[in-house]
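Engineer: Encoded as structure tokens, here's the structure I'll be asking about.
The values are calculated or read from the model by the stated rules, or taken from the named source; none is laboratory data. These numbers come from a predicted model, not from an experiment. So basically every Cβ, Gly included, is an ideal-geometry build from the backbone, and we count neighbours across all protein chains shown. Side chains included, ligands, DNA and RNA excluded: accessible areas come from the protein's heavy atoms. Shrake-Rupley method; radii C 1.70, N 1.55, O 1.52, S 1.80 Å.
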Amino acid sequence: QPWRSPGEPQAPFSLPPPRWPVECEVIQETIEHIEWVPPQPEPFCPPMDPEQAMYTPGEEQGTVVYHCSPALQSSCFIRARVGGAPGPLSSPAATLEGPQDTTLLFESRFESGNLQKAIKVGPYEYVLMLRPDLYTAKHTQWFYFRVQNTRQEPLYRFTIANMAKPKSLYGQGLRPLLYSQRDAQSRGIGWRRAGTDVRYYRGSAGEPPTFRLSWTVRFPHDGDTCFFAAGYPYTYSDLRRYLRALAADPARSRLCAVQALCRSLAGNAVYLLTITGPGGAAGKRAVVASARAHPGESGGSWAMRGFLDFLLSAHADARLLRRLFVFKVVPMLNPDGVVVGNSRCSLAGRDPNRAYGMALPGSFPGVWHLRALVQRVLAEREVVLYCDFHGHSRKNNIFMYGCDAGGDGPGMRLRQRVFPLMLSKNAPNKFSFSSCKFQVQKSKEGTGRVSMWRLGVSHSYTLEVAFSGSTLGGRSSHFSVEDLKSLGRLLCDTLLDFCDPAPAKLQQCLAEADALLQRQMGREPGSGGGWSDVSPSELESSTSGSDSSVSDG
């Protein structure tokens, strides 16, 4: 698409439907959900004893009532088309025998949907199987599916029998999300946390082992259409509706140029937004942000949405940010993975956030073109910050991973910690500085964070948003969509603090970071003992790293 500078007239924003691999069946209905914020924070559920393994009947003891698997799936991606598989749709769901039949009707053949099979093992009990990421046999974590023919009175039990990760926040109080279409239409209520007796435990003893997520729930109405999801869905079409509204807004469209950075393997546009204030980009430093390399981490998109909302607002701080910086933002790096409902991979069948070191634009176009963009920007101006928005399935709160390889002087090593420390002060009930890590592990060389740092972006971070919520500031509750969007605004506040020409805040945080590192080494602050010769691995108090440490990508 032709380049347009912010301030020039915006061309009409076209919205062709998403392109799908030709193996994927796609229903014609448009699935949209209202946004809603619960009036009170939604508490974690009491964690159940994982040692109390539950007996769940197996597939052989039940009846398959839904089975959706891509037809004749090849071992690798070949081609895509709008609407997915050609020809008439199959009927993967059971046929009801009459009005007294209480069997739930399942469906997941819509954007970001993931459910492969449902087995009815009791009157109101179902064992579910997730579809692995396309062209792989693993990465089962994200789920999003519809159920119809609900009954209000009975207590249902659902058990997802093939979760991939040994540890999960579902074992620490995280609850699945439920959406009732009738409540949305009649009461304006959207996604809410639901489920009791939530358990996460080891299932099969095979190799690799699988894990089970089980919960009970009562539906709010008879005959309702409901959805379950692992996180607040944010689809590729949601992003494009947002961009279309942006283009139609005379005030905001003047501040932002939207173009295609590249096309994905399936031919979906990977969008690039350039945001700055009057006078263009001349003489300004740059900030680069990206999200949704991993499609199952939808919270990153909601935080990105808040970041964009604030940057494009009339707030005085937003105007100052636009005057100081030019922002390059890629809000959805892996649109194909988002469209098909993958957890981690693109249609290359690999983790794109391990592919930045590969010169493979044909296999990983989004990350290759983002890296090339940052190289071009660095040739003309300083990039103050790179931030890649992700989600985390095993640790509560929000935190960051930075880059401290140990070779820089103590001043630079301290500065690596200043931005996360400032963010923790701006978001004390959400952001945990003590959970931040700065070690550059060999296995993370292919990530966006390390790759941009190696290119010369001295402050390069992965922002991790827990799938669950916060345990800080007296909270013990799930993040709402509003919590996630507010993080984007707080990130903007922190950027202004970090770049404040008055040195007071920076000096205070440098001193505080130094004292924290001294304590970490068992020394009293001010005692004269140094830490600058200590390796980053020794400084890290825990070995728990990014969310892929149990998933080789």
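Engineer: Around L89, under 12 Å between beta carbons, what's the net of Lys plus Arg minus Asp minus Glu among the other residues?
Structural biologist: Net charge around L89: -2.
Engineer: Given 20 °C and 1.002 mPa s, compute D for segment 236-527 with the Stokes-Einstein relation, Rh being the Kirkwood radius over Cα pairs; round to the nearest whole µm²/s.
Structural biologist: Numbers: Rh = 19.4 Å.
The estimated diffusion coefficient comes to 111 µm²/s.
Engineer: At what distance in nm do the modelled label points of A251 and Q148 sit from each other, each positioned 7 Å from its Cα along Cα→Cβ?
Structural biologist: Between A251 and Q148, the simple spin-label model gives 4.2 nm.
Engineer: Using a cut-off of 12 Å between alpha-carbon atoms, which aspartates and glutamates can reach K284, once sequence neighbours fewer than 8 places away in the same chain are excluded?
Structural biologist: E380, E382
Engineer: Please give the peptides 296-309, 363-376, 432-445, 454-467 ranked by average Cβ packing (other Cβ atoms within 10 Å per residue), highest first, as a rough proxy for protection.
Structural biologist: Output ranking for 296-309, 363-376, 432-445, 454-467: 296-309, 454-467, 363-376, 432-445.
Engineer: Sticking with this structure for a sec: Counting only other residues whose beta carbon sits under 13 Å from that of A248, what net charge do I get with K and R as +1, D and E as -1?
Structural biologist: +4
Engineer: Determine the share of the chain's accessible area contributed by carbon and sulfur atoms, expressed in whole percent, with a 1.4 angstrom probe.
Structural biologist: Roughly 52 percent, rounded to a whole number.
Engineer: Using the Cβ atoms and a cut-off under 12 Å, what net charge is assigned to the surroundings of V326, where Lys and Arg are +1 and Asp and Glu are -1? Walk me through the intermediate numbers first.
Structural biologist: Numbers: positive: K284, R285, R322, R323, K328, R381; negative: E380, E382.
Residues near V326 contribute +4 overall.
Engineer: Under the 0.36 nm per residue contour assumption, what length would be gained going from the current alpha-carbon distance of L15 and S75 to full extension? Intermediate values should be presented prior to the final figure.
Structural biologist: On the way: separation 60, 0.36 × 60 = 21.60 nm, distance 3.03 nm.
Length gained, L15 through S75: 18.6 nm.
Engineer: Next question. Give, to the nearest whole percent, the P(r) tail of segment 19-231 beyond 22 angstrom, counting all Cα pairs.
Structural biologist: Percent of Cα pairs beyond 22 Å in segment 19-231: 52.
Engineer: Also: Given labels modelled 7 Å from the Cα in the Cβ direction, how far is it in nm from S458 to D500?
Structural biologist: It works out to 1.9 nm between the two label points.
Engineer: Same structure again: Which peptide among 107-114, 61-68 comes first, and what is the full order, when sorted by highest mean count of other Cβ atoms within 10 Å?
Structural biologist: Numbers: 107-114: 23.1, 61-68: 16.6.
Ranking, from highest mean packing down: 107-114, 61-68.
Engineer: Ok, one more. May I ask you to list the lysines whose Cα is less than 22 Å away from that of K430, ignoring any residue fewer than eight positions away on the same chain?
Structural biologist: K167, K395, K485, K505
Engineer: OK, next. Give me the accessible area per residue for the chain, probe 1.4 Å, as a whole number in Å².
Structural biologist: Roughly 39 Å² per residue, with all protein chains present.
Engineer: Using the Cα atoms as the points, what is the convex hull volume per residue of segment 95-152 in Å³?
Structural biologist: Convex hull of Cα atoms, per residue: 106 Å³.
Engineer: Compute the FRET efficiency between H221 and M358 as 1/(1 + (r/R0)^6), taking r as their Cβ-Cβ distance and R0 = 35 Å, and round to the nearest 0.05.
Structural biologist: My answer for the efficiency is 0.10.
Engineer: Over the chain, what per residue volume does the convex hull of the Cα atoms give, in whole Å³?
Structural biologist: So the per-residue hull volume is 162 Å³.
Engineer: Moving on to the next point. What's the extension gain from M412 to L89 if we count 0.36 nm per residue and subtract their Cα-Cα distance?
Structural biologist: 110.5 nm
Engineer: Show log10 I(q)/I(0) for segment 189-336 at q = 0.09, 0.12, 0.18, 0.22 Å⁻¹, two decimals, from a solvent-free Debye sum over equal Cα scatterers.
Structural biologist: -0.44, -0.68, -1.08, -1.38
Engineer: When the chain is fully extended, how far beyond the present Cα-Cα distance does Q259 get from A405, taking 0.36 nm per residue of separation?
Structural biologist: Full extension of this stretch gives 49.0 nm more.
Engineer: Turning to a different aspect of this structure: Report, in order of residue number, the helices in the chain meeting two criteria: a C-alpha extent of 15 Å or more along the helix axis, and a mean Kyte-Doolittle hydropathy of at least 0.0; treat each whole DSSP H run as one helix.
Structural biologist: Numbers: long enough: 236-248 (18 Å, -0.28); 299-311 (18 Å, 0.46); 365-380 (23 Å, 0.34); 410-426 (25 Å, -0.39); 481-498 (26 Å, 0.44); 504-520 (24 Å, -0.26).
Membrane-span-like by this rule: 299-311, 365-380, 481-498.
Engineer: Let me ask you something else. Using 7 Å Cα-to-Cβ label points, what is the T196/T63 separation (nm, one decimal)?
Structural biologist: Simple spin-label model gives 2.8 nm for this pair.
Engineer: If r is the Cβ-Cβ distance from E29 to R285 and R0 is 45 Å, what FRET efficiency results, to the nearest 0.05?
Structural biologist: Numbers: r = 46 Å, r/R0 = 1.02.
Once rounded, the FRET efficiency stands at 0.45.
Engineer: How do the peptides 500-512, 390-402, 310-322 rank, highest first, by the average count of neighbouring beta carbon atoms within 10 Å per residue?
Structural biologist: Sorting 500-512, 390-402, 310-322 by mean packing, highest first, produces 390-402, 310-322, 500-512.
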